[in-house]
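To start, the structure itself, in C-alpha cells.
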C-alpha cells in the first residue's frame, strides 16, 4: 500500500472513531491532534492513544493494558498479534478504562 493510500484510510478511520465516540453514551473526552493522533481521556484520568504509523502502514493503539498494532487486511484493520478488529478492540479497551460498557457503532 502506498503512503498516500494509507494516510487516506487512516484519516478516514480516525474520523469514524471520532463519530462513534460522539454517538457513544459513555462520557469520554477526546481530541484529534495534529499528525493523526487521537487521544481519549476517561474519568479516572487514564488515556487511550490511537495514531497512525505511516512507516509501518499501521494504526497503533496505546492503552493502560498495553500496545496494539493494526494492519489493513481485506478491507479491515486487524490486530497483528491476534487478528482482532480495531473497533472491537477499542470497545474492549475503552470499556475496561471507563468501567462501563462502551459501544462504538
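Just one residue in the set 67, 83 is part of a loop (DSSP other than H, G, I, E, B) and either more than 20 Å from residue 103 (Cα to Cα) or touching a strand residue (DSSP E or B) at 6+ places or on another chain (Cβ under 9 Å) (or both); that residue is 83.
When the residues of segment 68-77 are filtered to those that are surrounded by fewer than 17 Cβ atoms within 10 Å (Cβ to Cβ) and over 11 Å from the mean Cα position of the chain (by Cα), the one that is nearest to residue 49 (Cα to Cα) is 71.
Picking from residues in segment 34-51 that are in contact with a helix residue (DSSP H, G or I) (Cβ under 8 Å, 6 or more places away or on another chain) and in a loop (DSSP other than H, G, I, E, B), the one that is nearest to residue 69 (Cα to Cα) is 36. Touching a residue at least 40 places away in the same chain (Cβ under 8 Å), surrounded by fewer than 15 Cβ atoms within 10 Å (Cβ to Cβ) and more than 17 Å from residue 87 (Cα to Cα), is that true of residue 35? No: the conditions fail for residue 35. Being farther than 21 Å from residue 1 by Cβ and over 10 Å from the mean Cα position of the chain (by Cα): is that true of residue 103 here? Here the answer is yes, as residue 103 does meet what is asked.
Only one of the listed residues (63, 84) is farther than 25 Å from residue 5 by Cβ, under 13 Å from the mean Cα position of the chain (by Cα) and without any contact (Cβ under 8 Å) to a residue 40 or more places away in the chain. That residue is 63.
Out of the residues in segment 17-32 meeting the condition of being touching a residue at least 40 places away in the same chain (Cβ under 8 Å) and either within 19 Å of residue 68 (Cα to Cα) or surrounded by 13 or more Cβ atoms within 10 Å (Cβ to Cβ) (or both), tell me which one is farthest from the chain's Cα centre (by Cα). For segment 17-32, the residue satisfying everything is 26.
We did not get these values from a lab; they are worked out from the coordinates using the rules stated. Bear in mind that the values here come from a model prediction, so they are computed numbers and not experimental data. Positions of Cβ are backbone-derived with ideal geometry, glycine not excepted, and every protein chain shown enters the neighbour counts.
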